[in-house]
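Trainee: Let me give you the structure first, and then I'll get to my questions.
The values are calculated or read from the model by the stated rules, or taken from the named source; none is laboratory data. This is a predicted model, so every value here is computed, not measured. Don't worry about glycine lacking a Cβ; one is built from the backbone with ideal geometry, like all the others, and counts go over all protein chains shown. Ligands, DNA and RNA are excluded from the accessible area calculation, which covers all protein heavy atoms including side chains. Shrake-Rupley method; radii C 1.70, N 1.55, O 1.52, S 1.80 Å.
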Amino acid sequence: MKASSDHTRKPYRGTSRSLVIALDVGTTFSGVSYAILEAGEVPKIHGVTRFPGQEHVAGNSKIPSIMYYDKEGRMMAAGAEAEGASVEAQAEDDGWSKAELFKLRLRPKIMKLEMNGMRLSPLPAKKSAVEVFGDFLGYLFRCTRSFIEDTHANGPALWRSIKNDIQFVLSHPNGWEGAQQTKMRRAAIYGGLIPDTDEGKARIRFVTEGEASLHACVLNGLADDVLTDPSGNGFVVADAGGGTLDISSYAIRGTQPLVIEEIAPPDCVFAGSVFVSRRARAFLEEKLKNSKYGTPDSLDHITRRFDETTKRLFRDKKDTQFIQFGSPYDKDFAVGIRGGQLKLSGEEVARLYEPSIEAAVQSIKMQMQASTAAVKSVWLVGGFAASPWLFAQLQERLAALKLTVSRPDNQTSKAVADGAIGFYCDHHVSARMSKFMYGVEYLREFDPQDPDHVSRQHRMCELPSGPKLLLDAFDCILARSVRVKESTVFSRKYCTELTNLSTLSVFEVEIWCYRGGDVVPKWIMRDSEVFSTLCNVRADLSPLAGSAQPKQGKNGKTYWTIVFSIEIHFGLTEFKARIKWVDNVRVSILSNFVHFNLHRFQ
């Protein structure tokens, strides 16, 4: 299918050759796309289509997200190579441990995993989740280098000319936040993608899988109907991957150039294809518990065969299904095994999909309700989108909501990697919706007539100037479901009182995230799951010491009042916050990324 945005993509405006690499580390499969940026030329997206262990498969753009480690924590095999029979045999002989589904370990604590009683396998010896993720990023990076050197004219010379100016785009589920982005950046350093410097860290950009998928839909021409629709209706992009379903809603706001806005806070649910496999494993364990084929090794093998055949091809619950797993001599008539095949009813297989399908439908319904424009269509992408049953069920169930469901006819699985490059080059999304509520703690003046205040007297403090104030008050800087353009800055002014100016050198403020809905809470509930620290903003305000005017406090102590603003830059795909203050009429800004008692400035 023709890349419909090629004619809208602008020539690269840099002055020297550069390279941008998009690394899509998926829960079950991963891929890489890249573009060589030449001054004055329109960037072209390439995919890495050859990986070690896949030399015999032409044009395969995905590898399994698995690795083997030895007992010392050294990575011994990864990707397609790790699935080879010889590697699996060596792993068993030498006691190697297998790392899989490691991406799920980076998830926010608020996102609970329903594993049907099964657990994630232990991390390899001497390895953290960030280090395992970093090892895989490093492996993908080395594969990309080899591919570019082998497939481009003068490949080694080309690589040498760009190796010190490589930009990276890392995609992640819609539900990942600043803490997960920080872990991914640390993983990129560990994997050797970038140096541990401010300049190195700045070479990493992030994009949600939902937004990357949107750009992939534009690239694949799936957006053409919407582009020619003058009504301004919204549409949903549903990225059905191995681990998560990432649901995002958009609307076209302009066509020359193409301008797209997010119209609802994006959603993310753990309902990808791996959970169909996990449910299948649990189902088979129960079905075969009295059979000789009910051993852990046999169950693992049958489940793998289910993944490779039945799960991919299943399309009708009226049809009997067979899992081909053994030889003609394998049989156990009592459980439906004959000639090396396990017989299942279509209804049994359909039930394995049901929680994932229902989660997708409910998420899309919520997107429709939250959207600021009428939603008329759904674009289904991602590896799980290739499932005929998932696609047919979404079409059937969403038809009742007058939604049409469509999907690209090629390579839905590489949508995120290609789309991440499209995001970097084309940047079609101009505004996004805030997913949660963001703010800071401040001191609220104590009201002895308010029973709520009286119940919090144990959290009362007194500032040098005299007033009695309560800790833990929440001040909202950015509400939920607010349309935010990339250039928009959300700012609030605060003041604090200090009795020692030396503390200005370690001034820091904690930015809080509230996930409990649209109503602004009065207090921060530190033990509640709906509150969490988003980031800590640190600043050296010692330059203010010279201009701060001393005052006499209620108890005769000297104190100084410091006035500053907290700004939140939300419109980008990576959250940024900073402290701004006035120093002798000059505005000073410190943008580095704790806990300080603040007054709201009157």
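Trainee: Just the accessible area per residue of the range 28-100, please: how many Å² with a 1.4 Å probe?
Mentor: Solvent-accessible surface per residue comes out at 47 Å².
Trainee: Follow-up question, since we're still on this one. Beyond 28 Å, what percent of the Cα pairs of the range 9-158 remain? The partial results should precede the final answer.
Mentor: Details: 3496 of 11175 pairs.
Counting pairs separated by more than 28 Å, the tail of P(r) holds 31 percent.
Trainee: Whole-Hz ³J(HN,Hα) for each residue in the range 131-138, computed from phi via Karplus 6.51 cos²θ - 1.76 cosθ + 1.60 with θ = phi - 60°, x for glycine and proline: what do you get?
Mentor: Result, rounded to whole Hz: 5, 5, 4, x, 4, 6, 4, x.
Trainee: Where Rh is the Kirkwood radius over the Cα pairs of the chain, the temperature 37 °C and the viscosity 0.692 mPa s, what D in µm²/s does Stokes-Einstein return? Spell out each step's value before the answer.
Mentor: Details: Rh = 26.7 Å.
The Stokes-Einstein estimate is 123 µm²/s.
Trainee: How big is D, in µm² s⁻¹, for the range 223-407 by Stokes-Einstein at 37 °C and 0.692 mPa s if Rh is the Kirkwood radius over C-alpha pairs?
Mentor: Values: Rh = 18.0 Å.
My calculation gives 182 µm²/s for D.
Trainee: Let me ask something else. Give me the distance between the Cα centres of the range 194-217 and the range 290-327, rounded to whole Å.
Mentor: About 38 Å separates the Cα centre of the range 194-217 from the one of the range 290-327.
Trainee: Binning at 10 angstrom from zero up to the longest distance, how are the C-alpha pair distances of the range 337-469 distributed in percent?
Mentor: 9, 22, 23, 12, 12, 16, 5, 2, 0
Trainee: So, R0 is 35 Å and r is the distance between the beta-carbons of T15 and S481; what FRET efficiency does that work out to, to 0.05? If you can, show how the numbers build up before the last one.
Mentor: Details: r = 41 Å, r/R0 = 1.17.
Plugging the Cβ-Cβ distance into 1/(1 + (r/R0)^6) gives 0.30.
Trainee: Based on DSSP H runs of at least 4 residues, each adding -39500 (n - 2.57), what is the mean residue ellipticity at 222 nm of the chain after dividing by all its residues, to the nearest 500 deg cm²/dmol?
Mentor: Numbers: 13 runs with 151 residues, N = 602.
So the helix-based figure for the chain works out to -7500 deg cm²/dmol.
Trainee: If you place +1 on the Cβ of every Lys and Arg and -1 on the Cβ of every Asp and Glu, how big does the dipole about the Cα centre of the range 18-209 come out, in debye to the nearest 20? Walk me through the numbers on the way to the answer.
Mentor: Details: 24 positive and 24 negative charges, 138 e Å.
Using only the charged Cβ atoms, the result is roughly 660 debye.
Trainee: Determine the dipole magnitude for the chain: charges of +1 sit on the beta-carbon of Lys and Arg, -1 on that of Asp and Glu, nothing else is charged, the reference point is the Cα centre, and the result goes in debye to the nearest 20. Provide the component values of the computation, followed by the final result.
Mentor: Details: 76 positive and 71 negative charges, 152 e Å.
Dipole size: approximately 740 debye.
Trainee: Find the all-direction average of the projected area of the Cα convex hull for the range 445-486, expressing the result in square nanometres with one decimal place.
Mentor: On the way: hull surface 20.1 nm².
Spelled out: convex hull of the Cα atoms, projected over all directions, averaged, 5.0 nm².
Trainee: Continuing with this model, one more query. Compute the projected area of the convex hull of the Cα atoms of the range 370-441, averaged over all viewing directions, and report it in nm² to one decimal place.
Mentor: Working: hull surface 30.2 nm².
Seen from a random direction, the Cα hull of the range 370-441 projects 7.5 nm² on average.
Trainee: What ³J(HN,Hα) values, in whole Hz, does the Karplus curve 6.51 cos²θ - 1.76 cosθ + 1.60 give for the range 211-220 when θ = phi - 60°, with x put for Gly and Pro?
Mentor: After applying 6.51 cos²θ - 1.76 cosθ + 1.60, I find 6, 4, 5, 4, 4, 5, 4, 5, 4, 8 Hz.
Trainee: Residues of the range 223-407: accessible area per residue at 1.4 Å, in Å²?
Mentor: On the way: 8180 Å² over 185 residues.
Counting only protein heavy atoms, the per-residue value for the range 223-407 is 44 Å².
Trainee: Rg(Cα) of the range 150-203 divided by 2.2 N^0.38 Å?
Mentor: Values: Rg = 13.9 Å, N = 54, 2.2 N^0.38 = 10.0 Å.
Here the Cα radius of gyration is 1.39 times the empirical estimate.
Trainee: Another question, if that's okay. Hey, got the Cα dimensions of the range 436-581 along the principal axes, in Å, largest first?
Mentor: The Cα atoms of the range 436-581 stretch 47, 41, 21 Å along their principal axes.
Trainee: For the range 269-320, go through all pairs of different Cα atoms, get the mean of 1/r, take its inverse, and jot down that Kirkwood value in Å.
Mentor: Working: mean 1/r = 0.0847 Å⁻¹.
Evaluated over the range 269-320, this radius sits at 11.8 Å.
Trainee: Follow-up question, since we're still on this one. Per-residue accessible area for M67 at 1.4 Å probe radius, Å² rounded to 10?
Mentor: 0
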